[in-house]
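The values are calculated or read from the model by the stated rules, or taken from the named source; none is laboratory data. From a predicted model like this one, the values you see are computed outputs, not experimental measurements. All Cβ positions, even for glycine, are placed from backbone atoms using ideal geometry, and neighbour counts span all protein chains on display.
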Amino acid sequence: MSELTDTEREVLTTACDTIVPSIPCTPDDDGFFARKASDLWVPQVIDYLLAGLPEDQRASLITLLEALASRDFLNASTRFREGILHELSLSGGDAPGAIDALRSLTVSLFYGLPDEHGQNPNWSTLGYPGPMTLRPGGEKLLVPYAPDGDTTLEADVCIVGSGAGGGVIAGVLSEQGLSVVVLEAGGYFAEPDFDQLEIAAYRNLYWRGGPTLTADGNVSLLAGCCLGGGTVVNWTNSLRTPTRVREQWEREFGLEGLAGPSFDEHLDAVWQRLSVTDRCSELNRPQQRMKAGAEQLGWSFKPVHRNTDERSYSFETAGYLGFGDRTGAKQSTVKTYLRDAYERGALLVTRCPAERILVERDRAVGVESAWFDPESGRCAQVRVRAAQVVVACGALESPALLLRSGIGGPAVGQYLRLHPTTATVGYHDEDLEAWMGAPQAGLVDEHESIEHGHGFLIETPQYTTALAASGLPYIDAHAHKSLMASFRHAATFIAVLRDRGHGRVTVDHDGNAVVHYEVSDELDVRNAQRAIAAQARLHAAAGAGRILAAADGDDAPAWRRGESLEELIAAAQRVPLGAGGWKLFSAHQMGTCRMGTDARTSVADPWGQLHHVTGVWIGDASAFPTATGTNPMITIMALGHRTAQAIAAATPRSARATAA
Ligand SMILES: Cc1cc2nc3c(=O)[nH]c(=O)nc-3n(C[C@H](O)[C@H](O)[C@H](O)COP(=O)(O)OP(=O)(O)OC[C@H]3O[C@@H](n4cnc5c(N)ncnc54)[C@H](O)[C@@H]3O)c2cc1C
């Protein structure tokens, strides 16, 4: 049911049609310029989505609609309405953030919403084909446990979260003969469910329904929320932990063996189980351009290894990997470690977010969680009795679970690292079809360690029309539509920064995670500026005729061949990093429950167990002492592999997991 009054709903429709209006333009064969947001039901969808937005975002959007109504928005001309939105976006308070959010939602839905045939009428102009029709390359092999009313389960180990870390730990511990229950907040989706549609994928597979801004509006966060977590939606770039990071973690944080051959064994083990290969890394056209640019500049370009099954890999469909892999080639934890655990008797309980960890006399005794089934509407309390509890909810949610449970000490939620990422787009004359081929089959590692072991990697992202629409600068409606019309000519580069500074995760009064992050550390600011310059030079060397920064604001930097590149770089470096300036992204969240020897600055000891609570272990990216500066999946898994062995050593074996 709508939360809006009739007037607010009318204002919403008018606002959406101001952001994406009908623009007279000839020729306009496909009716692309004539089409406005409400022609594709965008306002109705936003109205429907309102109920699922976090409280603060919902409230600020409704306040914005009220503010617009009070300015006679409904009776104003289109130009005047644009002026009102523009004026409010420069005002103080919550209005600029709310306008950004509304704009972003409107354009992503306008370019992403499919009709009943899985197509969006704008795609023909963009040159984007939409989903490829192919038969799913696998079946739904796992059957998650569904409780019949309130239930207590017993196990040696309860693992909360089934992503890169939790999945590996479940597989290894069940192999060691321990009984395992895995609680996962998201649902179970597999090849037959992956329809290669962006908006549906965000809703089914992603944390909070897709790209979500930090509370301060600085960074857009992407994380998995489904059985398999980030490993189901990620881009399969498999990088080993850099030596300098391993040495730092051993030297400064006491992680014994990290720099030596014993950690190599953990890396090798996950590498092998994930079928990591370099034989599925054919470069797509944007990556070919990137490689050519790097060669011209004399920069190092390196092919990427990927966790992909060569037998089912297809170049044509690898570009949809962020929406789940319909071919079944991606070796997520669902296809590997969770499956191993399941076959050995582990219970996988999906749609079952853990609420708190139960502790008695400083020892873990279990977990309390709430199961629900969206299809039947049934729900139940699920309690797991276990002497070992692994916290592996990802670095955004693991600290929230500890904070709700009142354990973990003063460092819980601190030291959030995000690898904050800037994006730039180069436009070429040729059709680049960026939606085809593996998103990251090669990268530029020239600047990975340029100051004190910190620097950045330049990579190419996976994206289709909705993310592109919200990532591109919005100067005015006509300019935005014109940019989208050139979608097929775009090569997007991202610079993934190894951050030294950090943000934090806290909880609101309902226990929900609240994320704050600002790029303010001087080394990070310096490296971000270098990353911006490097991206611009790389696009120019790659032959782009035009370069754009993914930034907000009236003067989002742009360049055309023939203009001064140095002026573009200087202008781009003046744009603030975060809200109102560069649109920063993060698909790598780390460090919020980190390992270390000092209980004031870390949450877990160097083997992953909480300093002050026996039997609670940190098993995901939140255990990282620092950012790695590389795409983190392989490191999370190898660290999880190491932690699993420590848990096994601390646990006597018993029977399989049972309902008590
Ligand atoms: C779009 C995208 C692309 C990426 N590409 C790459 C790549 O190519 N290479 C790479 O190395 N890395 C990549 N990453 C990053 C990588 O996938 C993540 O860093 C990794 O999955 C994080 O592992 P994790 O175990 O910390 O958490 P996750 O894998 O996020 O798993 C955490 C799980 O816990 C669940 N959960 C949360 N709260 C609760 C709760 N209260 N109770 C129960 N369950 C809960 C979540 O639903 C989730 O399934 C990418 C990430 C994204 C989002």
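How about the range 15-56: which of its residues are more than 31 Å from the chain's Cα centre (by Cα) and among the hydroxyl-bearing types (Ser, Thr, Tyr)?
Correct list: 22, 26.
Has the range 455-474 got at least one residue that is in contact with a Lys or Arg (Cβ under 9 Å, 6 or more places away or on another chain), modelled with pLDDT of 95 or more and assigned to a strand (DSSP E or B)?
Yes, because at least one residue in the range 455-474 is in contact with a Lys or Arg (Cβ under 9 Å, 6 or more places away or on another chain), modelled with pLDDT of 95 or more and assigned to a strand (DSSP E or B).
Does residue 564 qualify as being surrounded by 24 or more Cβ atoms within 10 Å (Cβ to Cβ) and within 30 Å of residue 89 (Cβ to Cβ)?
Details: surrounded by 24 or more Cβ atoms within 10 Å (Cβ to Cβ): no; within 30 Å of residue 89 (Cβ to Cβ): yes.
Against the criterion (surrounded by 24 or more Cβ atoms within 10 Å (Cβ to Cβ) and within 30 Å of residue 89 (Cβ to Cβ)), residue 564 does not qualify.
Would you point out which residue out of 380, 434 is within 16 Å of the ligand (Cβ to nearest atom) and either aromatic (Phe, Trp, Tyr) or buried (at least 24 other Cβ atoms within 10 Å of the Cβ) (or both)? Talk me through it step by step, then tell me what you get.
Details: 380 fails: either aromatic (Phe, Trp, Tyr) or buried (at least 24 other Cβ atoms within 10 Å of the Cβ) (or both).
Result of the check over 380, 434: 434.
For the range 153-171, give me the residue count where each residue is near the ligand (Cβ under 9 Å from one of its atoms) and farther than 12 Å from residue 346 by Cβ.
Adding up the residues that qualify gives 6.
Quick one: which of 316, 355 is outside any loop (DSSP other than H, G, I, E, B), of a type in the set (Asp, Glu) and closer than 30 Å to residue 376 by Cβ? Even if it seems obvious, please write down each step before you answer.
Details: 316 fails: closer than 30 Å to residue 376 by Cβ.
Only one candidate qualifies: 355.
Which number in (1) within 16 Å of the ligand (Cβ to nearest atom); (2) assigned by TED's automatic domain parsing to the domain that holds residue 620; (3) assigned to a helix (DSSP H, G or I) marks the one condition that residue 174 misses?
(1)
Among residues belonging to the range 487-521 that are out of contact with any strand residue (DSSP E or B) (no Cβ under 7 Å at 6 or more places or on another chain) and closer than 30 Å to residue 403 by Cα, point out the one that is surrounded by the most Cβ atoms within 10 Å (Cβ to Cβ).
In the first step, residues of the range 487-521 are kept if they are out of contact with any strand residue (DSSP E or B) (no Cβ under 7 Å at 6 or more places or on another chain); the result is 487-488, 501, 509-512, 520-521.
So of that shortlist, the ones also closer than 30 Å to residue 403 by Cα come out as 501, 509-512, 520-521.
Values: 501: 19, 509: 6, 510: 8, 511: 13, 512: 14, 520: 13, 521: 15.
The residue in question is 501.
Output yes when any residue across the range 221-232 is over 18 Å from residue 318 (Cα atoms) and either more than 15 Å from the ligand (Cβ to nearest atom) or assigned to a helix (DSSP H, G or I) (or both), and no when none is.
Within the range 221-232 (the criterion being over 18 Å from residue 318 (Cα atoms) and either more than 15 Å from the ligand (Cβ to nearest atom) or assigned to a helix (DSSP H, G or I) (or both)), the answer is no, since none of the residues qualifies.
Taking residue 70 as meeting all but one of (1) surrounded by 15 or more Cβ atoms within 10 Å (Cβ to Cβ); (2) over 25 Å from residue 513 (Cβ atoms), write down the number of the exception.
The one condition residue 70 does not meet is (1).
Sort out for me the helices (runs of 4 or more DSSP H) sitting completely within the range 1-99 that have 2 or more residues that are touching a residue at least 24 places away in the same chain (Cβ under 8 Å) and more than 26 Å from residue 120 (Cα to Cα). Steps first, answer last, please.
Values: elements: 6-19, 42-50, 55-70, 78-89.
Per the criteria, 6-19, 55-70, 78-89.
Under the condition of being in contact with a Leu (Cβ under 6 Å, 6 or more places away or on another chain) and under 24 Å from residue 501 (Cα atoms), which residue from the range 602-622 is nearest to the ligand (Cβ to nearest atom)?
Residues of the range 602-622 that are in contact with a Leu (Cβ under 6 Å, 6 or more places away or on another chain), as a first pass: 604, 606, 616.
Those still in the list that are under 24 Å from residue 501 (Cα atoms) too: 604, 606.
Details: 604: 14, 606: 18 Å.
Among residues in the range 602-622 that are in contact with a Leu (Cβ under 6 Å, 6 or more places away or on another chain) and under 24 Å from residue 501 (Cα atoms), the one nearest to the ligand (Cβ to nearest atom) is 604.
Have a look at 555, 598 and point out the one that is free of Cβ contacts under 8 Å to residues at least 40 places away in the same chain and closer than 30 Å to residue 403 by Cβ.
On the way: 555 fails: closer than 30 Å to residue 403 by Cβ.
Of 555, 598, the one residue that is free of Cβ contacts under 8 Å to residues at least 40 places away in the same chain and closer than 30 Å to residue 403 by Cβ is 598.
Here is a list: 250, 184. Which entry is farther than 30 Å from residue 471 by Cβ and either at pLDDT 95 or above or more than 16 Å from the ligand (Cβ to nearest atom) (or both)? If you could, list the steps in order and put the result at the bottom.
Details: 184 fails: farther than 30 Å from residue 471 by Cβ.
Criteria check complete, one pass: 250.
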